[in-house]
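Have a look at the structure below, then the notes.
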Amino acid sequence: MPLQQLTRETPVTCGSESAFDYDVAIAGGGIAGTTLAASLKDSGLKVVLIEALPPSVASSRNQVYALSLLSGQIFQAVGVWERILPKITPFNQISLSDSGQEGVRFQPGDLGRETLGYVGEHQVLLTALQDFLTDCANVTWNCPSEVLGVEYQFDGVVLEVRSRVEENPETQRIRTRVLIAADGSRSRIREAAGIKTRGWKYWQSCITVQVKPEKPHGNIAYERFWPSGPFAILPLTENRCNIVWTAPHAEAKALAALDEAEFLLELQKRYGEQMGRVQPISDRRVFSVQLMQSSRYVQPRLALIGDAAHCCHPVGGQGQNLGIRDAAAIAEILTQAHHRGEDIGSLAVLKRYERWRKLENLTILGFTDLLDRLFSNQFLPAVILRHLGLWGLRTLPPVKQLALRLMTGQLGRHPETVKALSVLSRSSG
């Protein structure tokens, strides 16, 4: 359902503090939206988080994410990491291979770190963020509620928000200085604002399923490339593993329709014998994948973060990390602007966020697209090129370290809070 265009009322006046109900309105209470709200805890800004689903429903999605080192650093700087870390799994090796050919293994020592990243379940991450926000006095939950209409005024935004509580649904008008759209890849707010997107849908779908291997997974993350697409094995707590199996649409659909014994037989062929026999312990889920980049991330009074701004192929597990980085970046921009007395919804302020994140996100989108296209075929020049690439990763330490820094989020601009955390860690070490 498209958003309504609200009837223009008396403009909000920036000179009057009472003219605004909130400084920042965040539409979307997923991981990107809640990370942003949590990052604004000590900003001095008054924040409202609008989410269409009850918190317990929003957190119940059966998804698993690879978290980069930078995502962990961002959560640590926010103050939520101690709630998350005990319930997720660090991985201490990354094994990258191509159709059974000799591959490459990345070790923490390649970066001078204790680990290379983490694997966390959606419920663990979002529940921890939701719980953290209950201690944030400046953040108001408006949930379950949906945004029905948006009016962008010269000096503010008016939102029409309807409660989704069945017993007593109410509609209210909320005035805010800036609106942050964190409402996913099909963002209604982005579409209503007339922001175009570029990209394409892939010829592939992904099957995800959790399995229990016979032997310990050893905290190793695997990315195996096959002509049909990547096959990832991510280690979870309690010696479980999450599978992300990419294949052309028809093949993925046929695999998902197999009975348990036939599916297990095909799964074991891809999985290998390094952990013995495996047993599926969850339902299979199939989803299509796309690459998408918004033509712009901001306009006056509006900014897009997370999947509302961009989407990438799941190879390499980068997607959720980009949204977390978006949230940390715009939180820093808004906080600094507020402390300087600037108008946080002005285009000049919001452009700082776009300049920070748009090119960095495009780099990762291009990297994941290249990986999928280069490895998901048997075209001879591509085969030769990827074998040369794997050889370079095995034998040339600078190449290996550059690839690893890109995958773990160590390249690019980091939030000031993360830089300060890194300095403190080095000084205490």
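The values are calculated or read from the model by the stated rules, or taken from the named source; none is laboratory data. Since the structure is predicted, the reported quantities are computational estimates derived from the model, not experimental observations. Quick reminder, even Gly has a Cβ in these numbers, built from the backbone with ideal geometry, and neighbours come from all protein chains shown. Please note that ligands, DNA and RNA were not included when accessible areas were found on the heavy atoms of the full protein model with its side chains. Shrake-Rupley method; radii C 1.70, N 1.55, O 1.52, S 1.80 Å.
Brief remarks follow.
- Search result, residues across region 18-56 that are open to solvent by 10 Å² or more (accessible area, probe 1.4 Å) and polar (S, T, N, Q): 18, 39, 56
- Residue match in region 248-270 (condition: open to solvent by less than 20 Å² (accessible area, probe 1.4 Å) and either hydroxyl-bearing (Ser, Thr, Tyr) or in contact with a Cys (Cβ under 6 Å, 6 or more places away or on another chain) (or both)): no
- The strands (runs of 3 or more DSSP E) found entirely in region 69-172 that carry 1 or more residues being touching a Lys or Arg at 6+ places or on another chain (Cβ under 6 Å) and within 30 Å of residue 394 (Cβ to Cβ) are 93-98, 104-106.
- Counted residues, region 392-404 - those being open to solvent by 70 Å² or more (accessible area, probe 1.4 Å), hydrophobic (A, V, I, L, M, F, W, C) and under 21 Å from residue 221 (Cβ atoms): 1
- Any hit, region 121-131, residues being at pLDDT 95 or above, in contact with a Leu (Cβ under 9 Å, 6 or more places away or on another chain) and of a type in the set (Asp, Glu): yes
- Here residue 303 clears all of (1) modelled with pLDDT of 95 or more; (2) more than 22 Å from residue 195 (Cβ to Cβ); (3) assigned to a strand (DSSP E or B) except the condition numbered (2).
- Considering region 201-262, the qualifying strands (runs of 3 or more DSSP E), each wholly inside and each with 1 or more residues that are in contact with a Leu (Cβ under 7 Å, 6 or more places away or on another chain), over 17 Å from residue 288 (Cβ atoms) and among the hydrophobic types (A, V, I, L, M, F, W, C), run over 220-226, 241-248.
- Residue match in region 373-386 (condition: within 30 Å of residue 155 (Cα to Cα) and free of Cβ contacts under 8 Å to residues at least 40 places away in the same chain): no
- Exactly one residue among 240, 224 is more than 20 Å from the chain's Cα centre (by Cα) and modelled with pLDDT under 95, and that residue is 224.
Conditions tested, residue by residue: (1) touching a strand residue (DSSP E or B) at 6+ places or on another chain (Cβ under 7 Å); (2) of a type in the set (A, V, I, L, M).
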{"position": "220", "(1), (2)": "yes, yes"}
{"position": "223", "(1), (2)": "yes, no"}
{"position": "226", "(1), (2)": "no, no"}
{"position": "229", "(1), (2)": "yes, no"}
{"position": "238", "(1), (2)": "no, no"}
{"position": "250", "(1), (2)": "no, yes"}
{"position": "255", "(1), (2)": "yes, yes"}
{"position": "261", "(1), (2)": "no, yes"}
{"position": "271", "(1), (2)": "yes, no"}
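- Scan of region 360-389 for residues that are over 19 Å from residue 412 (Cα atoms), buried (at least 18 other Cβ atoms within 10 Å of the Cβ) and of a type outside the set (Gly, Ala, Ser), ordered by number: 371, 372, 375, 386
- Members of region 173-199 found to be in a strand (DSSP E or B), open to solvent by 20 Å² or more (accessible area, probe 1.4 Å) and closer than 19 Å to residue 34 by Cα, listed by number: 177
- Leading residue by the ranking (least open to solvent (accessible area, probe 1.4 Å)) among those in region 210-237 that are in contact with a helix residue (DSSP H, G or I) (Cβ under 8 Å, 6 or more places away or on another chain) and among the hydroxyl-bearing types (Ser, Thr, Tyr): 228
- Considering region 334-355, the residues that are open to solvent by less than 10 Å² (accessible area, probe 1.4 Å) and in a helix (DSSP H, G or I) include one that is nearest to residue 246 (Cα to Cα), namely 353.
- The lone criterion from (1) in contact (Cβ under 8 Å) with a residue 24 or more places away in the chain; (2) more than 28 Å from residue 81 (Cβ to Cβ); (3) open to solvent by 20 Å² or more (accessible area, probe 1.4 Å) left unmet by residue 240 is number (2).
- Close pairs from region 411-429: first among the charged types (D, E, K, R), partner modelled with pLDDT of 60 or more and surrounded by 13 or more Cβ atoms within 10 Å (Cβ to Cβ), Cβ under 7 Å, at least 6 apart: 413/356; 416/332
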